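Here is the structure we will look at.
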Amino acid sequence: CCPKCGIRYPEEGIKICPNCSNKLSVSARLFGFFKDYWKKVIVIVLVMLIGTAFNLVSPYVGKKLFFDEVLTEGGSMYAMVLAVVAVIFTVKLIGTLLGVLYSYVLTTIIPWIVYDIKMKIFTAMQRLSTSYYTSKQTGALMTRVNRDSNNIYWFFVDGLPYVIVNSLTFIGITSVMIWMNWKLAIVTVLAIPLVIVVYRCMWKFFRNFHHRIWVHDSNLSSLVSDTLNGQRVIKAFAKEDVELSRFDEHSDNLSG
């Protein structure tokens with residue numbers, strides 16, 4: 001285990017702690033895969049910014065403007081229901097189309113980035129010595145190539161865009177709230193430190209939980225790989241029940 005944070009090392013014999021490693025350095029290396037796709041990245045960022053702007057405008061048009069200026073007698077657009085409904089529909093339609101465009105561009109770039117990552121991992125594995133493989137489980141190496149690469153895919157598809165869009169939305173909504181009623185906005189913002197503290201506590205818990213899942217999944221993959229490759233030996237010594245018991249134990253560890 002890491003002497004600094006106490007988390008178990010992902011690989012036996014390699015004392016590299018993912019919790020204590022330099023996150024900026026790892027992120028820089030990861031984002032380096034985008035350098036060959038910079039034009040599409042620019043499109044993604046622009047669509048993301050425009051989509052966030054429409055998400056901020058949509059509630060104002062659909063709620064405040066509609067109820068205060070259209071349905072309220074004396075409003076500047078009183079009784080212009082059809083016109084405002086058409087504006088609301090247009091804003092929603094544009095926002096939906098931007099979301100479709102964003103998803104399309106994102107799904108055309110991320111799979112190729114994951115492909116590059118898998119190729120780099122597999123190429124690096126081919127350069128390793130035989131002694132490296134004798135001390136490693138097959139399942140751990142398979143998980144490194146397949147599951148970890150797919151986790152990076154979902155991070156860029158769901159994780160990072162979610163953080164960016166919600167951060168921009170939070171800044172925009174906070175600015176609008178301050179413009180509309182700064183006193184009420186301050187009262188609302190006071191709850192942010194509590195949310196941050198709860199998030200930090202939950203983050204440590206889920207990080208440890210995810211690490212345990214990775215270890216158990218790696219062990220299960222190793223068992224399946226060794227069992228399938230060693231079927232002749234297993235049947236020769238009538239060890240089917242033993243292997244079934246081992247599989248049940250590893251599956252129970254992963255499920256629990």
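Is it the case that SER167 is within 30 Å of GLU249 (Cβ to Cβ) and of a type in the set (Gly, Ala, Ser)? Write out each step before concluding.
Working: within 30 Å of GLU249 (Cβ to Cβ): no; of a type in the set (Gly, Ala, Ser): yes.
So SER167 does not fit the description; no.
Within the stretch 200-207, identify whether any single residue is within 33 Å of the chain's Cα centre (by Cα), part of a helix (DSSP H, G or I) and touching a residue at least 12 places away in the same chain (Cβ under 8 Å), and answer yes or no.
yes
Checking the condition farther than 30 Å from LEU101 by Cβ and exposed (fewer than 14 other Cβ atoms within 10 Å of the Cβ), which residue from HIS210, HIS216 passes? Step through it out loud before you land on a result.
Values: HIS216 fails: exposed (fewer than 14 other Cβ atoms within 10 Å of the Cβ).
The match here is HIS210.
So which of VAL176, VAL197, VAL187 is in contact with a Phe, Trp or Tyr (Cβ under 8 Å, 6 or more places away or on another chain) and either among the hydroxyl-bearing types (Ser, Thr, Tyr) or at negative phi (or both)?
Working: VAL197 fails: in contact with a Phe, Trp or Tyr (Cβ under 8 Å, 6 or more places away or on another chain); VAL187 fails: in contact with a Phe, Trp or Tyr (Cβ under 8 Å, 6 or more places away or on another chain).
Answer to the selection: VAL176.
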Only listed residue being small (Gly, Ala, Ser), at pLDDT 70 or above, open to solvent by less than 90 Å² (accessible area, probe 1.4 Å) and within 24 Å of ARG144 (Cβ to Cβ), chosen from GLY95, GLY13, GLY32
GLY32
Given the conditions (1) farther than 17 Å from PHE34 by Cα; (2) at pLDDT below 80; (3) out of contact with any Asp or Glu (no Cβ under 8 Å at 6 or more places or on another chain), which single one is not true for ILE110?
(1)
Can you give me the ranges of the helices (runs of 4 or more DSSP H) entirely in the stretch 115-178 with at least 1 residues that are open to solvent by 40 Å² or more (accessible area, probe 1.4 Å), modelled with pLDDT under 80 and of a type in the set (Phe, Trp, Tyr)?
130-134, 147-154
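Can you find a residue in the stretch 186-194 that is hydroxyl-bearing (Ser, Thr, Tyr), part of a helix (DSSP H, G or I) and at pLDDT 75 or above? Break it down into steps so the answer makes sense when it comes.
Applying the first criterion (hydroxyl-bearing (Ser, Thr, Tyr)) to the stretch 186-194 yields 188.
In the following step, the residues that additionally are part of a helix (DSSP H, G or I) were identified as 188.
Remaining after also requiring at pLDDT 75 or above: 188.
The answer is yes; a qualifying residue exists.
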Would it be correct to say that ASP226 is open to solvent by 70 Å² or more (accessible area, probe 1.4 Å), in contact (Cβ under 8 Å) with a residue 40 or more places away in the chain and among the charged types (D, E, K, R)?
yes
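With respect to ASP68, determine if the residue is within 28 Å of ARG207 (Cβ to Cβ) and at pLDDT below 75. Spell out the reasoning first.
Details: within 28 Å of ARG207 (Cβ to Cβ): no; at pLDDT below 75: yes.
Criteria not met by ASP68.
The values are calculated or read from the model by the stated rules, or taken from the named source; none is laboratory data. Please read all numbers here as calculations on a predicted model, not as lab measurements. When we count neighbours, we look across all protein chains shown, and the Cβ atoms used for this are built from the backbone with ideal geometry, even at glycine. To get the accessible areas, we keep the full protein, side chains included, count just its heavy atoms, and leave off ligands, DNA and RNA. Shrake-Rupley method; radii C 1.70, N 1.55, O 1.52, S 1.80 Å.
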